[in-house]
1. If you go through the stretch 117-128 one residue at a time, do you hit one that is loosely packed, with under 15 Cβ neighbours inside 10 Å, at pLDDT below 95, touching a Phe, Trp or Tyr at 6+ places or on another chain (Cβ under 8 Å) and within 20 Å of Gln6 (Cα to Cα)?
2. Of all residues in the stretch 70-93, count the ones that are surrounded by fewer than 17 Cβ atoms within 10 Å (Cβ to Cβ) and either charged (D, E, K, R) or more than 19 Å from Asn40 (Cβ to Cβ) (or both).
3. What's the total number of residues in the stretch 1-34 that are closer than 29 Å to Val137 by Cα, surrounded by fewer than 13 Cβ atoms within 10 Å (Cβ to Cβ) and of a type in the set (S, T, N, Q)?
4. Is at least one residue of the stretch 35-53 surrounded by 12 or more Cβ atoms within 10 Å (Cβ to Cβ) and within 18 Å of Arg78 (Cβ to Cβ)?
5. Would you confirm whether or not the stretch 53-64 contains a residue that is among the polar types (S, T, N, Q), under 13 Å from the mean Cα position of the chain (by Cα), under 28 Å from Glu126 (Cα atoms) and not in a helix (DSSP H, G or I)?
Amino acid sequence: MSVSVQQAAFDVAAEMAALSAGDQRIGAIASFLGLVRDLNDDTAVSRMTLEHYPGMTERALQDIVAEAQARWPLQRVRVIHRYGPLQPGDGIVLVLVASAHRGEAFAACEFIMDYLKTRAPFWKKETTGAADEGRWVDARETDDSAAARWVRS
């Protein structure tokens, strides 16, 4: 398991190659790459700034990955989440999940992303124009619904 919270951009191909290097048990890698959009709710976005609490954020991401590893037989997991000012088109989050079989990899990747959207302590502020000071992005009901399906009774 590897979790990074960083300002620097990431190289998807390099991260994927590193994830699978030297482990022939891996039969599948599922991935999710999240990008900053230039439009949100019909409003143009010129920049997004993410804030977080160092230490607490990494721990929350590690806990999410640990829960995925407890649910599915996974070989490796890599999660990178960026913070700071980002432009439309920039990579914001990368989730890579390696498993022997695709079903486990897909499910765990989706689970991790659903929980990142609802449980990771990040705060997003969108700037919608040159003079705009920005607006905080509220949590979406659809994100909560997606995460709720993973709750065990």
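1. Yes; the residues of the stretch 117-128 include at least one that is loosely packed, with under 15 Cβ neighbours inside 10 Å, at pLDDT below 95, touching a Phe, Trp or Tyr at 6+ places or on another chain (Cβ under 8 Å) and within 20 Å of Gln6 (Cα to Cα).
2. Residues flagged as surrounded by fewer than 17 Cβ atoms within 10 Å (Cβ to Cβ) and either charged (D, E, K, R) or more than 19 Å from Asn40 (Cβ to Cβ) (or both) within the stretch 70-93 amount to 4.
3. Going through the stretch 1-34 one residue at a time, the tally reaches 2.
4. Taking every residue of the stretch 35-53 in turn, at least one turns out to be surrounded by 12 or more Cβ atoms within 10 Å (Cβ to Cβ) and within 18 Å of Arg78 (Cβ to Cβ).
5. First, pick out the residues of the stretch 53-64 that are among the polar types (S, T, N, Q): 57, 62.
The next check asks that each one be under 13 Å from the mean Cα position of the chain (by Cα); those that pass are 57, 62.
With the extra rule that they be under 28 Å from Glu126 (Cα atoms), the set shrinks to 57, 62.
Those still in the list that are not in a helix (DSSP H, G or I) too: none.
No, there is no match, as no residue in the stretch 53-64 is among the polar types (S, T, N, Q), under 13 Å from the mean Cα position of the chain (by Cα), under 28 Å from Glu126 (Cα atoms) and not in a helix (DSSP H, G or I).
Yes/no matrix, rows are residues, columns are (1) among the aliphatic types (A, V, I, L, M); (2) more than 18 Å from the chain's Cα centre (by Cα):
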{"site": "Gln7", "(1), (2)": "no, no"}
{"site": "Ala13", "(1), (2)": "yes, no"}
{"site": "Met16", "(1), (2)": "yes, no"}
{"site": "Ala21", "(1), (2)": "yes, yes"}
{"site": "Ile26", "(1), (2)": "yes, yes"}
{"site": "Ala44", "(1), (2)": "yes, yes"}
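The values are calculated or read from the model by the stated rules, or taken from the named source; none is laboratory data. Every value quoted in this text rests on a predicted model; they were computed, and no experiment measured them. Note: ideal-geometry Cβ built from the backbone for every residue, glycine included; neighbour counts use all protein chains shown.
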